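Below: one structure, written as structure tokens.
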Amino acid sequence: MTMSDLAVTAGWYMALAALLFSIGAIGLLTRRNALVMFMSIELMLNSVNLTFVAVGKELRTLEGQIATLFVMVVAAAEVTIGLAIIVAVFRRRATASVDELSEMKG
Amino acid sequence: MNFDYHALLPEIILASTVMLVLVTDLLPVKKYWAAVVGIIGTSAALVPLLTLTFCDSLDFCEATGARSMFSGTYVVDSFSLVLKGLFLVVALVVLLMSIGYLEGGRFWQGEYYFLLLASVLGAVVMASSRDFISMFVGLELVTGPTFLMAGWRKGDDRSNEAALKYFIIGVISAAILLFGISLVYGVTGQLRFADVAAAIAVRGESPLLTIGVIFTILGFAFKVSAAPFHFWTPDTYEGAPTPVTAYLAVGSKAAGFVGLLTVAYVAFGSTRGLWAGLIWVLAATSMTLGNVVALKQTNIVRMLGYSSIAQGGFMLVPFGALAGADVTPDMLQKAFFATVTYVLIYAAMNLGAFATIIAISNRIKSGEIRALAGLGVYAPGLAGLLAIFFFSLAGIPPVAGWFAKLAMFNSAIGSGSGWGLALAIIAALNAVVAFAYYGKIVKSAWFDAVPDDVSDAMKADTKVAPSLMLALGITFVGTIAFGVFPSLVTGLSEFASSLSSGL
């Protein structure tokens, strides 16, 4: 068995990324706490990062790595905004469950 | 690295304005000065757009056609000039609408204008982006601040709810968009639109590419609130402060369309088979669902939320109609022209509708459609504006909306395919349904009896803030001028139809 047989190619990383993305999506659909939903979204974003890094390394181009940096920065900015909104909601209702956020319907 | 300062001047001025607004907020002056600085800066940013547009006839300007920067990832072409102009004018009108609204309630003001202008900067950047990274950063710069602005009435449960729902859906759509982009990158190894298109032309289609393209288009479908990805729209529109809703319905939506158009046209132009059918479905469901649900709304802003979903569907029609057609470059051009025309006209009339509703609800302290009854008796001016903007949204000549609909039908039928014709028929039926709810409100405002909860004090109160009056004036002139002289808007959108790939 040579080293190339053992090599993990970008295809495997992309499969793992797809799996992580699906776990995140399922978490998002089934959990009802805003913070846990938020964690699921972070998982989805990180699966994207994994794809970018793996493909970038395989192709030996820098774009993938740069894209990852941008995604991380944007995700961090969104965390800040999201937590601010969750805190604002929590202050008024003392709950972070999205099921109880149903003032508006129709 | 070529750095064309003239071409980047609108962005530079706008970015400086964003910072200056934040500084103004710290100074010991009245808070509305932040808005004044914002208005001056936004107007100043329009000047370089004009000099770039009329570059050929100016001495100091070196005419080079489309200006491509940063190795083709950032392009200033005629499409981006027109759309940037649109975003800046939308920003001006929304600023004017916001001043009175924020002064009247207990709001944080300086930060609001900072966030609004930052979001506009994102939209301006998107219009020039020709690669996925800058497009994504621009898109997030558009949406990030609007999450906070949607929750600006911090003490109101509905505003909090609007912000949280919008935030969660917004971040999901970003994740879906990014996942699509990462798959496209995985298949093609490129992030610049022109390179992606070239790589697809060489490699042909593959299952992975199909998934990537579909996810990318769906990510934008969330942003333009196309059904079935619309469910955040009505709640967010109803709960957010009304000027913010106006910005979401016009500025943020137009930014989504800019992204959708450039990505579909430049990057995925050769894989039309993958996305045209998808857009066909999105257009048909958005129009139908938006219009049918709008019929039974009791809150006017919520009704406009559903109406904006339906209008988004109309904007998608020209591209959906390409499904199943033998597409020539000429037809793509026509579809592009029709969508841009619709976006420009929609911006004028929908901003006008929101400005009118702010003026009305300032007076009658209610957002219920029921409370609008008899408006024509004690406020004929506002009722008249309401009629003009709603008839325009319904597409009745001579106000602007009819021409948007005409361009849309013309492009859909001109595609010559059965699918295009079917979509045109669905759109025609929907235009009739739409007239029912717009017409019902206008009829109620003019002919029904005044409800008891409108007090005499409200009837006598004819005060409209000067800034809001100016916003009403701008949108009124736009809506009438585009309707009576359609050549104004066709000139703009024909100019905008030449989209440069950047290479």
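The values are calculated or read from the model by the stated rules, or taken from the named source; none is laboratory data. Owing to the predicted nature of the structure, the values given are computational and were not obtained by experimental measurement. Counting neighbours? That spans all protein chains shown, and the Cβs are built from the backbone with ideal geometry, glycine included.
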Any idea how many residues of the stretch A:62-84 are at the interface with chain B (Cβ under 7 Å from one of its Cβ atoms) and either touching a Lys or Arg at 6+ places or on another chain (Cβ under 8 Å) or surrounded by 17 or more Cβ atoms within 10 Å (Cβ to Cβ) (or both)?
9
When you go through B:ALA294, B:ALA283 one by one, which is the residue that is modelled with pLDDT of 90 or more, closer than 16 Å to B:PHE390 by Cα and among the small types (Gly, Ala, Ser)?
B:ALA294
Does the stretch B:56-64 contain at least one residue that is assigned to a helix (DSSP H, G or I), touching a residue at least 24 places away in the same chain (Cβ under 8 Å) and either in contact with a helix residue (DSSP H, G or I) (Cβ under 7 Å, 6 or more places away or on another chain) or not β-branched (Val, Ile, Thr) (or both)?
no
Would you call B:ALA445 touching a residue at least 60 places away in the same chain (Cβ under 8 Å) and under 22 Å from the mean Cα position of the chain (by Cα)?
no
Which is within 13 Å of chain A (Cβ to nearest Cβ), surrounded by 24 or more Cβ atoms within 10 Å (Cβ to Cβ) and not hydroxyl-bearing (Ser, Thr, Tyr), of B:PHE87, B:PHE79, B:PHE179?
B:PHE179
Being crowded, with 24+ Cβ neighbours inside 10 Å and over 22 Å from B:PHE87 (Cβ atoms) narrows it down to one residue among B:VAL293, B:VAL317; which is it?
B:VAL317
Restricting attention to the stretch B:208-228, which residues are within 12 Å of another protein chain (Cβ to nearest Cβ), surrounded by fewer than 24 Cβ atoms within 10 Å (Cβ to Cβ) and either part of a loop (DSSP other than H, G, I, E, B) or not aromatic (Phe, Trp, Tyr) (or both)?
B:LEU208, B:ILE211
Which numbered condition in (1) out of contact with any Ser or Thr (no Cβ under 6 Å at 6 or more places or on another chain); (2) assigned to a loop (DSSP other than H, G, I, E, B); (3) surrounded by fewer than 21 Cβ atoms within 10 Å (Cβ to Cβ) is the only one that B:SER361 fails?
(2)
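Conditions (1) surrounded by 22 or more Cβ atoms within 10 Å (Cβ to Cβ); (2) more than 21 Å from B:GLN297 (Cβ to Cβ), marked per residue:
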| position | (1), (2) |
| --- | --- |
| B:PHE403 | yes, yes |
| B:ALA407 | yes, yes |
| B:ALA422 | no, yes |
| B:TYR438 | yes, no |
| B:ALA445 | yes, no |
| B:ASP453 | no, no |
| B:ALA460 | no, yes |
Condition broken by B:THR490, with the remaining ones in (1) in contact with a Gly (Cβ under 9 Å, 6 or more places away or on another chain); (2) of a type outside the set (D, E, K, R); (3) within 17 Å of B:THR339 (Cβ to Cβ) satisfied:
(1)
